[in-house]
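The values are calculated or read from the model by the stated rules, or taken from the named source; none is laboratory data. Please read all numbers here as calculations on a predicted model, not as lab measurements. Don't worry about glycine lacking a Cβ; one is built from the backbone with ideal geometry, like all the others, and counts go over all protein chains shown.
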Amino acid sequence: MRNSCTLQISPVFPDRTLRAVLAGVFTLMLAACGGDGSDSTGGSSSAANTSSGVVVFGGSIGDGPVTGANITVLSARGDTLGTITSDRNAAYQARITPADGDYPIRLVVSGGTDLVTGRAPDFQMESIKAYPQDTIVNVNPFSTLVSQVARRLPGGLSHANINTARSLVMGRLTFGLDRSSLPDPITSPLTTGNVAKLVKASEALGEAIRRTRDRMNASGAQHNGNSVIRALAADMVDGHPDGLGASGTNARLTAVFNVVTAQVLVELLSNNLRVDAVIATNVIDQSILSTYPGISGSQLTGSVRVTSAVLSELSIAIAAVRAIDNSSAVANISTAVSGLYAGATPATVANVLPANSTNGLRNAVNAIPFASSAQISLVNTTVYAQGDSTSGSGGSTGGSTGSGGSTVGGSTSTTGSLSLRWTAPSARSDGSALALSEIGGYRIYYGTSRGNYPGSYDQTNGAATSATVSNLPTGTYYLVMSTYDTSGREGPRSAEVTKNVP
């Protein structure tokens, strides 16, 4: 976190969350799930809450689709509310009778068979049922990261933190997930029209986690899939995989993940994703066919088109590779990537990318675990800088459930000052309209050590879209932020973020 940050502006009214996003991370308005007109199967909206207090919900389980998985339903206090097993379609349905204080509810998956790898999942997946009315709760690598990030934000697994975590994760790590047809990987229904998009993206993110684990272990470290996810989640609390996140961040592991992501994405977009070092296209397609009977061949992985968000992610990842390997092979891949466009088919990508692009990136993938501290820092700095400069230009076209938020115009910094820009939120957490006249202003607290904020700055215009804190000595600053209403009532402070004054 260097020249921009993500701050959740805490509520000043009951059940109202105002969010200012100051890093180019889009917090999108509540959008309807699905809507592509396709038939819905496993985890459909037929699940419902009954008037008797029994809550019924369902969803899908997948890195690749996972059958026979054990799903433990946990209350906010950690009490077991029930257990279920995913069926042969990698779906489940649960019936529980929760108390009011049991939310947010966590789902934790263990065991089962991943139909792509043929073994149990390589890391523990989890998800969140945030509200009683959520009838769909999918479990996948995206939901796992969202849950893990939310639990690391101050205040733990709260509704506000879940919404923040969802925006942070999906703002930077879509792995090709098309959010125009699947706005939220947790609560959106899966249909024959979007299931390949989720399975393909989930498998790619899962593969990036596995390769990160394997490359770290090649250097003598001791990691499993769970420890990789924990480290990434700690780093993503600021919205940037840059090695400068919360406690538990591992800068070297983050750098490995950033470089590995380039290799995974070139394979993903050309529909040649390797799983366990073998091209897995046919196996992934077969897993979809077996869990979604009746799906047509035209709806499998070969139909998943490139999104603008994943193009931004790939460009950032290639820049990270070039920070340590600027060979002609990598330069050629970079040039080819710049010629790709949103909406391209996998066949088009395969024709544009150089042959054996995976091999062209292998030297960097093999070298990064052993890189010097300076090289590790350079990779992560590149990812931050590239991500900051491209944020907002290649974001998702869908939405995320939860509180409405603000959309970023960007941020800048000059020597001796921190300058922030944002768009004021226009909705409350329930999706209803929020008038600018209700916002009294924003308060920024800052200091040069974590948890200590002796300085403060008030933006007293609730309709303002920027603030500049001036006359600051060069150094690293830790900031939190709050909002207050026109009566002067101030909400609790946000999660801490970091900015540098160069």
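Considering Val137, Val108, which residue is aliphatic (A, V, I, L, M), modelled with pLDDT of 95 or more and surrounded by fewer than 24 Cβ atoms within 10 Å (Cβ to Cβ)?
Val108
Among the helices (runs of 4 or more DSSP H) contained in segment 311-361, which hold 1 or more residues that are of a type in the set (S, T, N, Q), touching a helix residue (DSSP H, G or I) at 6+ places or on another chain (Cβ under 9 Å) and over 11 Å from Val266 (Cβ atoms)?
Working: elements: 328-338, 346-352, 357-360.
Helices (runs of 4 or more DSSP H) meeting the threshold: 328-338.
Within segment 229-256, how many residues turn out to be within 18 Å of Ala317 (Cα to Cα), more than 14 Å from the chain's Cα centre (by Cα) and among the hydrophobic types (A, V, I, L, M, F, W, C)?
Residues in segment 229-256 being within 18 Å of Ala317 (Cα to Cα), more than 14 Å from the chain's Cα centre (by Cα) and among the hydrophobic types (A, V, I, L, M, F, W, C): 5 in total.
Here are some residues: Val195, Val237. Which one is in contact (Cβ under 8 Å) with a residue 60 or more places away in the chain, aliphatic (A, V, I, L, M), under 18 Å from Val139 (Cα atoms) and crowded, with 24+ Cβ neighbours inside 10 Å?
That would be Val195, the only listed residue that is in contact (Cβ under 8 Å) with a residue 60 or more places away in the chain, aliphatic (A, V, I, L, M), under 18 Å from Val139 (Cα atoms) and crowded, with 24+ Cβ neighbours inside 10 Å.
Looking only at segment 142-179, which residues are of a type in the set (Lys, Arg), assigned to a helix (DSSP H, G or I) and touching a Gly at 6+ places or on another chain (Cβ under 9 Å)? Break it down stepwise before answering.
Looking only at segment 142-179, we keep the residues that are of a type in the set (Lys, Arg), and these are 151-152, 166, 172, 179.
When the remaining residues are screened for being assigned to a helix (DSSP H, G or I), the result is 151-152, 166, 172.
Within segment 142-179, Arg152, Arg166, Arg172 meet the criteria.
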